[in-house]
Amino acid sequence: MLLTLTGISKSFGAVQALRDVDLAVAAGEVHAVLGENGAGKSTLMHIADGLLPPDTGTVAVDGRPVRFRSARDARGHGIGMVHQHSTAVPAFSVMENIALAAGWAVAPTRLRRRVEALTERLALPLDPSLPASTLSVSLKQRLEIIKALAAEARVLLLDEPTAVLAPAESEELFRFVRRFTQGGGGVALITHKLEEALAVADRITVLRRGAVVLSSPRSEVTAEGLTTAMIGGSLVVAPPAVPLRDGPVLVQCEGLEVRGDGGRGLRQASCTIRGGELVAVAGVEGNGQRELLRAVAGLTRPFRGLLEVARPVAFVPEDRTTEGLIPSMTLTENVVLGVGRAASWVTGRGVRRVDWSAARQRTAELADRFDVRSDGTEATAGSLSGGNQQKLLVARALERRPRVLVAENPTRGLDLQATAEVHGRLHAAAAAGAAVLVYSNDLDEVLVLGDRVLVAAGGVITEAPAGIDRVRLGAMILGQGGPDAE
Amino acid sequence: MDPMAVAGDVLVAAVGIATPLALAATGEVLAERSGVVNLGIEGAMLFGALGGAIGATVAGSATGLGVGILAGVLVAALFAAVAIGAGADQIITGTAVTLASVGLTGTIYRQFYGPAGVGLSLPTLSPIPIPFLADLPLIGDALFAQPVTTYLMYILVPLVWYLLFRTRPGLAVRAVGEDPTAARAAGVSVRLTRAWAVLAGGALAGLAGATLVLAQVGTFTERMTAGRGFIAIAIVVLGRWNPVGAGLAALLFGLATALQFALQAAGLDVPYQFFLMLPYLLTLFALAGAVGRGQAPAALGKSEG
Amino acid sequence: MRSNLRALGIGAAALLIGLFLLAVGLELAGYDAGAALAALWDGAFGSWRAFTGATLVRAVPLILIGLGFALALRGGALNIGAEGQFYAGAIAAAWVGVHAGGWPAWVALPAVALAGLAAGALWMLLPVILKLRFGVLEVITTLLLNFVAEALVSFMVQGPMQEPSGIYPQSAPIVEAARLPFLFGSRLHAGFVVALLVALALAWVFARTWWGFRLRALGEGPRAAEVSGRVRAGRMLAVALLWSGALAGLAGAFEVSGVSYALYQNLSPGYGFTAIGVALLARLRPSAIVLTGVVFAALEAGAGAMQRDAGIPAVAVYVVEGVVILVLLLGDAAARRQASRRAVPVVDGSP
C-alpha cells in the first residue's frame, strides 16, 4: 500500500467531520472517494496531505506510520495534492510556480530546461514562461499536476478535478491518470459524481456524514447501490414549474460585448429572456458567461451593443462571503445592504434613514420563511453555514421583488437537500413571473434546471437546441459541434 | 560660479541624500514584497540614527553603524510581533511603532546627552575616493568619492535584487506577498517568511538612520528623520517594488532636494520653503504618473488574522 | 452592551499598561516615577483651571481630528495626513480672522470656521483625485502632504502673512470678533461644544442613516458593498475623505480662533498623529472618541507639567500613546483568535 489512513477521526468544535475512517491507496490503482458535499471528503484529503492533523488515527506511507506537520512534509513522502481551485501564484510564471512547489533552484535558464524536460516526460505540454494568471482553467489544473509530480509524488490526491472541466477535458485528464497508475503511481479521486467513479476507479469508498458507509472494488458495486449509500434517505425535491412561454420580454440583448478582467470577456451575445423562463448558462470558467451575468445584473457596463433589462434586478453572486455577504455584519445589516433603498425600512427624503426595528422584524420573517438557521437576526452572517448563507442570499434577492433574477453557481458547495431547496426557489421565482438567468459550471445542474440552455464558448453566447444531451452540450462548451458546426 | 562645479556639487549632495533613502527603501521593498507595509520604518530609522549616534560616541563610527542596524532590527521586531505575530492591522501598528519610537528616542537621547539636548557633535564619515573612477568628470565625485555607507548601498541594492529574483528564499518571499494561501500550500511558512523580511528591512532602515547621522548630519536631534521613512515608502511605490527601481527613485528624490542648492546659487528669488516642498510634490506627481496598483504585491497590507 | 463594556475594559487596561511601562522606564532611567506621574496628574486634572484650560482645550482638536479619521476609516480609507489638513485650516482661518476687521462676531466666527473646513477639504482634494484617477494609496499621499503643509505654514508666517513688524515668524493677531468665546469663565473656548455636537451628529450618521450604514458596509466588506449593495466605492470614499480633511481643517481653525489667535509654526504638537490613537482607542465610535480624546489630551497636558516639574521630556508621553495602541491591537488580536476558535471552519465544499 502506498498510502494508508486508518481509524481517522476529526472534529471541529461540536461538529464531527470524520468518524473512524479507513482508506488505502495501492500502487497502480485509482481509488474513488465518493460522497455528497459536506460528507467529509475534503477533510479526509486535507489530513492525507498534511494540511490538517487528525484527532485520532494514523497515516502510513509504504506501510510505515508517519506524522505530517505540513503539506511540505506530505510532499516529502511522495504525496501530492491537486486542489479543486488553483493554488498557483497568479503573478508567477509557470516555472516559478513549479520551482516554488518542488523546491527547485530559481536561476531562469536552468529552471526552464528542467521544466521543459519534465513536461515532455509527462506528455503534459505547458509553456514554462507563461504567467499562471493567463492560463485557462484546464491548464491551471495541468500546472497543479505538474507541480505535484515535479515534487516526485507517487500518490496523487485529486479533489473534484472535473468540477471545472468540460467533458472532453475530463477525459484527457483521466487518460493521464491511467498513464500515471500504469507507471506505478496511486490516485485518490475525490468526487461527488457517480458516473465518474464508476468510469475510472478500481476501488470505491463512499463517505456519508463523516463515516465510511461502503468500500468495495469497482466490480462489486452498482450505480443504485452507490446512490443509496451516498444519500441514505430519500430527498424532497420540488417539482419544476411549467414555464410561461408567453411572458413579457424582460431581458433583451443584441450584439452585446463586455470587457472582462485581463483581456478576455464577452465578445458577442444576443438573447431574449421572457418573464416566467428559467434560462441556464453552461460554460467552462472564463468564457464570457460571468461578464454576461454581471452585465445583465447591472454591475458592469457593456462595451458595445444593446442591453435592456427590466427593473428591479436581483443578483446572487457566486462568492458568498466576499461578494454576497459581509461576514462581520449581522443578518439584518446584510439584508438591508442587499435589498437597497427601495425597501420599506429606508425612510426620509433629504437624508435617508434606516428604521432598524422594521428591518429586524422583516429579516426575522425572511429567515423563518426561507429556513435560514441562525442564532437570530443579530448573529453575524459569518456564523452561518454555507447552505444557510446561500438561503439568506436567495431570500434577500427575492425581497427586492425582482423582475429579473441572476444567479452564479447558486448551489456550489451545498449538500443535496440545500441544493434542492435553492432549485425550488429559483423555479418558484420564474413561476411567479420573473426572468431567471443562472450560470452553473456543473452541466448536470444546467440540464436539470434550465427551461432553455445558453452556451458560453470563447466569449460567444449561443443557444443550445432544445432537448440537448450532456455529451453534445459538453462539446458545445468547448466550442465544438454547435448547431451550426458540420 | 562655474556651472560645472555647481552641477558637480548638486550631484554630490544628491547621492548623499539618496543614500539613506535608498537603503531604507530597499529594506521596505523586501518587507512589501512579502506582503507587509511597515510604516514603522520611520521609527526604525529614528532608532537607527540614535543607535548610530550612541555607538559612535562610545566606540567609533563602525560600532555606530552596527548599533544602528541592531536598533533598527529591534524596532522591526516589535512591529513584526504585533503585525505579523498577532495579525494586527499593519498601517496602524506601523503608526504606533513610529509614535512610540519618537517618544523613546527623544527620552533616551536626553538621558544620554543631558536635558538641554545639545552638545552632541560627531565627526562624519569621510569620503573615500575610489582611484580613477573618482576622477571621472561631473559624476566622479558624486558617485565614487562618497562615505563607506554609499558604497554599502551600491552593494546592498543589487544584492537584495538578486536575493528576491534569483534565489529560493526570494521566491518564497514573493510568493508570500502575492498569494499566502498558495505559498502555504507549497510548504512556505507565511508568518516566518514575513517576519524575516521585515527584520531584514528593519536592519536596512537602521543602517539608513545611522547613515543619516554618521555620514550626513553629524549629530542626533529629536525627530531628526523628519518623515524620511515615509518618503522611503513612497519611493518603494515609485520604484515599482524593485530594489534597483527604488535606488533610482531615491536618487531622483535626492536630486530634487539637492536642486535647491543650485537654484539658490543661481540667485533665483524663490522662498526656500518651496524648495522644501519640491521633493514631496515631485514624489506625489511621480506617483500619479508611475503607479497603478497593478505592480504591487497582491497580498500587500493584508494581515493574517 | 457587553461588547461595549469589554471594549472599555481593554481600553482602560491598555492605558494602564502604557502608564505602567512609562513608570518602569522612568525608574530605570533614574527618575522619580512617582513624582513624574503625580506631575502628570496635576497638569491634567489637578485643578479646574488645568482641566479646562489645559486638558479640554487640547481635547478639542484631538476629538475633531479623531472623528474625521474615524469617518474615513469606517469606509476603509486611511487619512494619516490630518496634520497637514489641520495646518491648511489654520492658515485659512488665520487669513480670514486677520482680515475680518469691522465684521460682527456672528459673521466672523462662522466665516473662520468655514474657512477652516473648506481649506481642510481642499487639502484632501489632491489625495482624493490621485486615489480615484490613478489608484495611488491615500496613506502615502496624505502623509506626503503633511510635509508640504508644514513648509507652507513656514512660508506664510515669514512671507505674505507675517505680522506687520516683520520680526517674528508668525501672523498678525486675528481680530477680536473672530475669537471664540470662552466657556464657564475658563480658558476653554466654544469650539469644545462644536466638537461635542459633531460627535453626536456623526454617531447619528453611523447608527441611523442610510449613507452612514453603506459607508460602514464599504469598510467591512468592500466587494460585497459594491456587488450586493451597489455602493459606488470611489464616490463614497471621496466624500468621506473630504469630510475627514474638513474636520481636521476645522480643528486648525479652532486652534487659531480659540487658542493662539495667530498663525504660528509648530501650532500642532502632532495632534494629527495623536488623534489616530484617540480614534482607535475608541474603536472609531464617535461618542467614545470624546472620552478618549479627553484622556489623550490629559496625557499631553500632563506631559508639559511633567517636563516642567519633574524634568522628564514631554515626548515621553508618545511612548504611552504608542504602547496604548499596540496593546489595544494585541487585545483585539487575542479576542479575534478566541472567536475563531469557537467558530466551525469551513473545510468541506467551497473553499
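None of the figures in this text is laboratory data; all of them are computed from the coordinates on show. Values in this document were obtained by computation on a predicted structure and should not be read as measured data. Note that we place each Cβ from the backbone using ideal geometry, even for glycine, and neighbour counts take in every protein chain shown.
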Neighbour-limited loop hits for chymotrypsin sites (Phe, Trp or Tyr not before Pro), segment B:66-143 (at most 15 other Cβ within 10 Å; DSSP other than H, G, I, E, B): B:F132
In sequence order, what are the phi-derived ³J(HN,Hα) couplings for segment A:340-352 according to the Karplus relation 6.51 cos²θ - 1.76 cosθ + 1.60 with θ = phi - 60°, rounded to whole Hz, with x for glycine and proline? x, 7, 7, 5, 5, 7, 8, 10, x, 9, x, 9, 6
Point-to-point label distance, A:D127-C:F184, nm (Cα→Cβ direction, 7 Å offset): 7.5 nm
Interchain or sequence-distant (5+) residues whose placed amide H lies within less than 5 Å of the amide H of A:L157 are A:G80, A:M81, A:V82, A:A188
To the nearest 20 debye, what is the magnitude of the charge dipole of the protein assembly as shown about its Cα centre, counting +1 on the Cβ of each Lys and Arg and -1 on the Cβ of each Asp and Glu? 1200 debye
Within segment B:210-305, DSSP-loop trypsin sites (Lys or Arg not before Pro) with at most 16 other C-beta atoms within 10 Å are B:R223, B:K302
Which order results if C:I65, B:I128, B:I41, B:I54 are arranged by neighbouring Cβ count within 10 Å, fewest first? B:I128, B:I54, C:I65, B:I41
Applying 1/(1 + (r/R0)^6) with R0 = 35 Å to the Cβ-Cβ distance of B:D2 and B:Y154, what FRET efficiency is obtained, to the nearest 0.05? 0.80
Around A:D73 (Cβ within 10 Å, Cβ-to-Cβ, excluding A:D73; K/R +1, D/E -1) the net charge comes to +3
If I build a Gaussian network model for chain C, linking alpha-carbon pairs within less than 10 angstrom, which residue out of C:A190, C:A35, C:A177 has the largest mean-square fluctuation? C:A35
By the C-alpha gyration tensor axes a ≥ b ≥ c (rounded if a/c is under 1.5, else prolate when a/b exceeds b/c, else oblate), the shape of segment B:92-243 is oblate
Relative to the longest principal axis of chain A, what angle (0 to 90°, nearest 10) does the C-alpha long axis of helix A:386-399 take? 20 degrees
If Lys and Arg each add +1 and Asp and Glu each add -1, what is the summed charge of the other residues whose beta carbon sits under 15 Å from the beta carbon of C:H99? -1
Quick one: of the DSSP bridges fully inside the protein assembly as shown, what percent are antiparallel, nearest 5? 55 percent
Classify segment C:54-136: rounded, prolate or oblate, from the alpha-carbon gyration tensor (a ≥ b ≥ c, eigenvalue square roots; a/c under 1.5 rounded; otherwise prolate if a/b is larger than b/c)? oblate
Using Cβ contacts closer than 10 Å as the measure, can you line up C:R58, C:R133, B:R166, A:R154 from fewest to most? C:R133, B:R166, A:R154, C:R58
Given H placed 1.01 Å from N in the peptide plane, which residues other than close sequence neighbours of A:L3 have an amide H under 5 Å from its amide H? A:V25, A:D62
Amide H of A:E463: which non-local residues (sequence gap of 5 or more, or other chain) have their own amide H closer than 5 Å, using H built in the peptide plane? A:V455
Which value in deg cm²/dmol, rounded to the nearest 500, describes the helix-derived mean residue ellipticity at 222 nm for chain A, given -39,500 (n - 2.57) per DSSP H run of n ≥ 4 and division by the residue count? -10000 deg cm²/dmol
On a 0 to 90° scale, report how tilted helix A:356-369 is relative to the longest principal axis of chain A, with both axes built from alpha carbons and the result rounded to the nearest 10. 60 degrees
With θ set to phi - 60°, apply the Karplus curve 6.51 cos²θ - 1.76 cosθ + 1.60 along segment A:268-279 and write out the HN-Hα couplings as whole Hz, x wherever there is a Gly or Pro. 7, 9, 10, 7, 9, 10, 9, x, x, 9, 10, 10
Within chain B, which whole H helices from DSSP have a Cα span along their axis of at least 27 Å and a mean Kyte-Doolittle hydropathy of 0.5 or more, if any? B:3-33, B:61-80, B:90-113, B:190-211, B:243-265, B:272-290
Can you give the Kirkwood hydrodynamic radius for the protein assembly as shown, in Å, rounded to one decimal and based on Cα pairs? 32.6 Å
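Looking at segment A:3-231 only, what percent of DSSP beta bridges run antiparallel? Nearest 5 please.
If I count the DSSP bridges inside segment A:3-231, around 55 percent turn out antiparallel.
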Counting only other residues whose beta carbon sits under 13 Å from that of A:R112, what net charge do I get with K and R as +1, D and E as -1? -1
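Using the membrane-span-like helix rule (whole DSSP H runs, Cα extent along the own axis of at least 20 Å, mean Kyte-Doolittle hydropathy at least -1.0), which helices of chain C qualify?
C:2-28, C:57-74, C:82-98, C:105-134, C:138-158, C:191-208, C:233-255, C:286-310, C:316-342
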